[in-house]
1. Can you pick out the pairs among K186/K255; K59/K152; K204/K393; K152/K405 whose Cα atoms lie more than 22 Å from each other?
2. How would region 362-406 be classified by its alpha-carbon gyration tensor: rounded, prolate or oblate, with rounded meaning a/c under 1.5 and the a/b versus b/c comparison settling the rest?
3. Express in Å², to the nearest 10, the accessible area of V387 obtained by rolling a 1.4 Å probe over the protein heavy atoms while all chains stay in place.
4. At a threshold of 8 angstrom on Cα-Cα distance, excluding pairs fewer than six apart, so keeping six or more, what relative contact order does region 291-416 reach in percent?
5. Find the relative contact order for region 59-193 and round it to a whole percent, using C-alpha pairs within less than 8 Å whose residues are 6+ positions apart.
6. Per-residue HN-Hα couplings for region 97-112, Karplus 6.51 cos²θ - 1.76 cosθ + 1.60 at θ = phi - 60°, whole Hz, x for Gly and Pro?
7. Pull out a ≥ b ≥ c, the square roots of the eigenvalues of the alpha-carbon gyration tensor of the chain, then state rounded if a/c is under 1.5, prolate if not and a/b is larger than b/c, and oblate in the remaining case.
8. In nm, to one decimal, how far is the modelled label at K416 from the one at S200, with both set 7 Å along Cα→Cβ?
Amino acid sequence: MGVKNTFIRLVGASLTAVFFATIGISCNKNTNARSEKSTVTANATRDDKSNFRKHIISKDFISEGVAAADVNKDGSIDIMAGAYWFEAPDWKQHEIFPGKTFDPATEYSNSFLNLSLDVNLDGWEDLVVIAFPGEPAVWYENPQNKSGNWQKHAIDDAVGVGNESPNFVDVDGDGRVDILCADTRKSQIVWLKAPVQKDSLQWKIFAISKENAPGTEQFSHGLGLGDVNKDGRRDITIKDGWWEAPEDPTQGDWKFHKANFGEDCAHMHVLDVTGDGLNDVINSSAHKYGIWWHEQVQEAGSEPQWKTHLISKDLSQTHALALEDLNNDDKPDLVTGKRFFAHNDSDIDPGTHDPALLIWLEFMPGKTPYWEIHEIDNDSGVGLNIVTEDINKDGMSDIVVANKKGVFYFENTMAK
């Protein structure tokens, strides 16, 4: 199916300028414009009010993964990024394991994605680290305020965590976060279940696909979890289709449905965008330009068909995508941004030297749904996972990112 137009509205002067420069339209303050050549129809407005307060936690490239948790049990939410954790509220830096500052132009870090989880069920939040694609994941045990580095544990040395879009999601619905990823060594989609008993540190590995499945190479892109067919079960999406969840998610060889969800993408989300009772799929380009939603069109007795709609083509390398209600209107919004120097200082990706934008897309549902795009910042962007959590406990979801620009906490001030 071809790409259809989606109405979007852009808010924020600098983002508006970037957008109209991209599609070749001169942009004046408070001007509505439409391009005959553009794939997007835009109603651009200017909003000089910033809804997020930027906190620079570190200006060093130490990780592209990030997590948040009350590390030291003082009642405040701290930030973890690779080898370090930063103690709220002054963000004092502490070492988890021996770390270094990497060169964003020439190096990748040893921390691609991070997750805070009480792995050993001792009441203290630990840190899960997914390193370079294809390497086994590890977790670091919180020392309970004792000095020294955190003890390192393997999750499973036999599993090479591949696909560059691992998900930290609850696959089996038990209320505990699992890791959804590819196992590059067997070329399978798997999910890793954390220990559920204090006397066992063993993670359980469940393969949902046959070997040599699509989306399981070391550098594959695009992975998500959501109820595609609305049968009450969490299905698994990749850019080439989706696996239908059985009643028991620990069962192997889920049924695969082929579909075209576009090019290499980041995290994928399932949402009924139009309110027609059919769930759709949202994703973003990992290394090029584009954010899309794929509309499910169901005909009786046939496989679902998908119509692709362009949401935005404003920024490149949107290598992480989060779904979160940021303004407490009970509608899920999108958070994404540019992964600055995703392939280092090279010309491999288009837009490598574009501003490192961080944006949120306010969801406006309906028969003609659209997203209002708000610029949060133009000198940060995203890494490989985004934290959306109420860091300061004011009832609003904040945003935390780590990337080649540093580590940043964006305080949501919409309620203030």
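The values are calculated or read from the model by the stated rules, or taken from the named source; none is laboratory data. Quantities reported herein were computed from a predicted structural model and do not represent experimental measurements. Every residue, glycine as well, gets a Cβ built from its backbone with ideal geometry; the counts of neighbours run over all protein chains shown. All accessible areas refer to the heavy atoms of the entire protein, side chains included, with ligands and DNA or RNA removed. Shrake-Rupley method; radii C 1.70, N 1.55, O 1.52, S 1.80 Å.
1. Details: K186/K255 18 Å; K59/K152 26 Å; K204/K393 34 Å; K152/K405 27 Å.
Exceeds cut-off: K59/K152; K204/K393; K152/K405.
2. oblate
3. Surface accessible to solvent at V387 totals approximately 20 Å².
4. Normalised by residue count, the contact order of region 291-416 is 19 percent.
5. 16
6. 8, x, x, 7, 9, 9, 8, x, 7, 10, 10, 9, 7, 9, 8, 8
7. oblate
8. About 4.6 nm, to one decimal.
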